[in-house]
1. Show me the trypsin sites (Lys or Arg not before Pro) within the chain that DSSP assigns to loop and that have at most 11 other Cβ atoms within 10 Å of their Cβ.
2. With every protein chain present, what is the per residue accessible area of the chain (1.4 Å probe, Å²)?
3. When only alpha-carbon atoms are used, what values of Rg and Dmax, in angstrom, describe the chain?
4. Carbon and sulfur atoms: what percent of the 1.4 Å accessible area of the range 1-45 do they account for?
5. Express in nm, to one decimal, how much length is gained between L13 and I31 on full extension, taking 0.36 nm for each residue of separation and deducting their alpha carbon distance.
6. Among I51, I32, I42, which one shows the biggest mean-square fluctuation in a GNM of the chain, springs joining Cα atoms closer than 10 Å?
7. Helix-only mean residue ellipticity at 222 nm, the chain, DSSP H runs n ≥ 4 weighted -39,500 (n - 2.57), per residue, nearest 500. What is it?
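The values are calculated or read from the model by the stated rules, or taken from the named source; none is laboratory data. Computed from a predicted model, the values in this text were never measured in an experiment. Note: ideal-geometry Cβ built from the backbone for every residue, glycine included; neighbour counts use all protein chains shown. Quick note on the areas: whole protein, heavy atoms, side chains included, nothing else; ligands and nucleic acids left out. Shrake-Rupley method; radii C 1.70, N 1.55, O 1.52, S 1.80 Å.
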Amino acid sequence: MKKSSFLYKAFNLYYEGFRNMTLGKTLWTVIIIKLFIIFIVIKLLFFPNFISSNAQEGHEADFVSQEVMSRMPKE
């Protein structure tokens, strides 16, 4: 890759910026921990796998279609 190309310059900008960071590394660590908590821990606690616990093996699509149809408003 040429050193004058846009991609090289953009990569080098971020690479040098993150390498020279002091307080930013701590802040990024906090952000990553918060994202882990939000997406992994909360998902496991509040969003159980409802389909696999209520549908028979291999009939998950039928279970979902029946649930959707039963919850549609009647006209």
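1. Answer by residue number: K2, K3, R71, K74.
2. 98
3. 23.7, 65
4. 76
5. In short, 4.4 nm is gained.
6. I51
7. -19000 deg cm²/dmol
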